[in-house]
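Shown next, in structure tokens, is the structure this report addresses.
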Amino acid sequence: MPSLKEQLKLRIESEVQTQIHVGRSFAMRLETRAYSDLHGTNEVNSGPLSLKGRGNAISISPREQLQAVSAHWSSNPSFPSNLQPHLRPNITTQSQHHQPLPSRPYHLHITAITMSAGPVHPSSEPARWKYLDRIRTRPGPFTTPEMFSGETSAEAMDKMKILVIGAGGLGCELLKNLALSGFKNIHVIDMDTIDISNLNRQFLFRQSDVGKFKAEVAAAFVEKRVKGVKITPHNCKIQDFDEDFYMQFQIVVCGLDSIEARRWINATLVNMVDETVEDSYKPLIDGGTEGFKGQARVILPTITSCLECQLDMHAPRAAVPLCTLASIPRQPEHCIEWAHVIAWDKEKPFPQLDKDDPEHITWLYQKALLRAKEFNISGVTYSLTQGVVKNIIPAIAATNSVIAAACCNEALKIATNCAPYLGYPENNYMMYSGNDSIYTYTFKHEKKDDCPVCGVSARELAVDPKWTLQELVDSFAARPEAQLKKPSVRAEGKTLYMQSPPSLEEQTRPNLEKTLAEGLGLMDGQEIGVTDPAFATVSFKFRLKFT
Amino acid sequence: MLKIWSMKKEQQKAENSDGAAAGAAGGPKKKKVTAAQLRVQKDLSELSLGTTMRTDFPDPDNILSFILYIEPDEGMYKGGRFSFTFNITPNFPHEPPKVQCREKIYHPNIDLEGKVCLNILREDWKPVLNLNAVIVGLQFLFLEPNASDPLNKEAAEDLRSNREGFKRNVRSAMMGGSVKGEGFDRVAI
């Protein structure tokens, strides 16, 4: 049995290199408060291998999972190295125990579907839906006659359109689960193409698919495998579609890897709400994983807390103080991060750092190695350099399964009312942590009154297009709900008038004389944001309506 | 399918809220104000710059990018004018603004490339912090340079070992002179 350190070295050098990684499985951190409330700790865990960069992910096979945990610990910058000896015996025993197990059994849950995408016998079809239909069509202890009608729920699901955003680690699971749960009309959006490193967990893809669009390949695979389901792929960005597109769906499920994309789809769905249109409320189910941790949550736009309300649930990327990097590095990651953040900028060996260019990574690796030598630090390797620079976070196939399963079941329950779902009136957030045995906690995240997305829905504001901006600004003071004395006004991409800071006030002051439509180019239906220091936490949004 | 609409009606009834909010949508909806931009707008309208700071927006329509000038009126850096670029990403406030000093200055917590070692710009950033916190932090660096978190090790060592000598170095660097062979930008006004 090699020592832990040797194991780590082996893992990092062989695993990371061969599995060339990098799907962009997203890293989302769990709320630590809920956890610590119960556990009396302040710290669940801090950052993984990575220090900085985009949320790239490396996947590790289950056999390596335990080793990965120990790698995580020993490379964790916030873990004092003198703590490690205490952890070692434990981990070593565990990995010894698990070492002989073949990795396959861990994947049994998906082998059923991954084995072949061959033809399906029609005769097997009714049997496939037998048990699902028992759930969908029979009243249960939690169904009420007003909400649940067994005759119509399966039929309603047949007609329903559901949208899956992301066809990566979570997306593959979601598509498979939703198709096997009886959703017949599924759309999927993903702008990415398949990378070889995706194959170990994104099980709808094969080696021959590398380079093809994820959405397309995933859709074709599931369509072929599950008879009667129609999956429409969209190989593009979510931002390429407008509200009319999103309006056609009844439910939106997200398996995304970035906060930016989450914020965008959240804001879009919240903005789509029109109180006079029953169909404009689209439940949003969001899943996310990082290593052994994950979350599933349901958002009912404008009714329950939205993703923007929950923005602080995403723990910031673990970062090491710049001065530590510059003066007293203690860990190999510090040396790599120093090469990345400080040495690169100083020497600029290439005009622009390309994290996918081996030449660039080699440069950083060499720099980091020299620095590590200077401070007598061991452990800097090429693959660790790659991991730190690209912020590679371990993505674990089974965690994706757990979270995607939770998301899919919520979609099924929302679609049929066959059982109470996550989201309303109480709990809307389920956190899952497999870091320390298994721990889950489901709670209610409150809606924020001052949320810039759902706290203030844009109110209609009747204005004369011939008004000057000054007249508009003055009119805010008279509005009963706002009574803004010093309003600052912006449209997206256009600063109309800012009261502060002084230089911006001066620059935008000439706008006050201009008319709204002709002078400033504002359009009917355009949204403006209004802030006022008198309302420290709230901002206002208005939708201009020309009269 | 879940009847969200009736739930919303119930919720409104329960809260007895003003049903007047958000009227019918008139025609296609136009460009939305994004949450990040609205947050920056709010932060800017609450900025208290005092007499020692001012901003400059090269493009007033792009509030995500601007320059902050600091002219300390006390401390060792009094009489200098220092400028910082602020670049705010669409991920704000999840991510901190990117701040860099534009001049080459002699300061223990700012390196020769303009990188700033300020905890709230990196490891201690939280979405509840705002731009005001950042500019207060920057101003503080000029009042209380901190030798224990050095980015410029030579400067930090000077400050620690010989405070008077450090002060002289600051003066000569601010005048555009050099310290131990390293030339600095003139920032004195």
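The values are calculated or read from the model by the stated rules, or taken from the named source; none is laboratory data. In this text the structure is predicted, and so the values were computed from the model without any measurement. We place every Cβ from the backbone using ideal geometry, glycine too, and count neighbours over all the protein chains shown.
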For the range B:97-114, the count of residues that are within 11 Å of another protein chain (Cβ to nearest Cβ), surrounded by fewer than 23 Cβ atoms within 10 Å (Cβ to Cβ) and not small (G, A, S) equals 3
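What are the residues in the range A:532-547 that are under 13 Å from B:S45 (Cα atoms) and under 29 Å from the mean Cα position of the chain (by Cα), if any?
A:T537, A:V538, A:S539
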Helices (runs of 4 or more DSSP H) enclosed by the range A:94-172 - at least 1 residues per element that are modelled with pLDDT under 50 | A:108-114
Check off (1) surrounded by fewer than 24 Cβ atoms within 10 Å (Cβ to Cβ); (2) more than 30 Å from A:E173 (Cα to Cα) for A:E333 and give me the number that stays unchecked.
-> (1)
With respect to the numbered conditions (1) under 13 Å from the mean Cα position of the chain (by Cα); (2) of a type outside the set (A, V, I, L, M); (3) not in a helix (DSSP H, G or I), which one is the sole condition not fulfilled by A:W264?
-> (3)
If A:L353 passes every condition in (1) assigned to a helix (DSSP H, G or I); (2) more than 14 Å from every other protein chain (Cβ to nearest Cβ); (3) of a type outside the set (D, E); (4) surrounded by 14 or more Cβ atoms within 10 Å (Cβ to Cβ) but one, which one does it miss?
-> (1)
Which residues, counting only those in the range A:462-479, are in a strand (DSSP E or B) and surrounded by fewer than 19 Cβ atoms within 10 Å (Cβ to Cβ)?
-> A:A462, A:T468
Please give the number of the condition A:T495 fails out of (1) within 28 Å of B:L49 (Cα to Cα); (2) facing chain B (nearest Cβ under 7 Å); (3) touching a residue at least 24 places away in the same chain (Cβ under 8 Å).
-> (3)
Criterion (surrounded by fewer than 24 Cβ atoms within 10 Å (Cβ to Cβ), more than 18 Å from A:C451 (Cβ to Cβ), more than 14 Å from chain B (Cβ to nearest Cβ) and free of Cβ contacts under 8 Å to residues at least 24 places away in the same chain) met by exactly one of A:D244, A:D240, A:D274 = A:D240
Check the range A:415-424 and report whether any residue there is within 19 Å of A:I303 (Cα to Cα), among the aliphatic types (A, V, I, L, M) and in a helix (DSSP H, G or I).
-> yes
Kindly list the number of the only condition in (1) more than 30 Å from A:Y439 (Cβ to Cβ); (2) assigned to a helix (DSSP H, G or I); (3) among the polar types (S, T, N, Q) that fails for A:N400.
-> (1)
Within the range A:475-490, which residues are under 15 Å from A:I528 (Cβ atoms) and more than 7 Å from every other protein chain (Cβ to nearest Cβ)?
-> A:S475, A:F476, A:R479, A:A482, A:L484, A:P487, A:V489
Would you pick out the residues in the range B:29-44 that are more than 7 Å from chain A (Cβ to nearest Cβ) and at pLDDT 90 or above?
-> B:V40, B:D43
Unmet requirement for B:G137, which otherwise passes all of (1) facing chain A (nearest Cβ under 8 Å); (2) touching a helix residue (DSSP H, G or I) at 6+ places or on another chain (Cβ under 7 Å) | (1)
Would you mind finding the one in A:I285, A:I265, A:I251, A:I299 that is within 9 Å of chain B (Cβ to nearest Cβ), more than 30 Å from A:L384 (Cα to Cα) and of a type in the set (A, V, I, L, M)?
-> A:I251
Identify, from the list A:A491, A:A462, A:A482, the residue that is modelled with pLDDT under 85 and closer than 24 Å to A:A517 by Cα.
-> A:A482
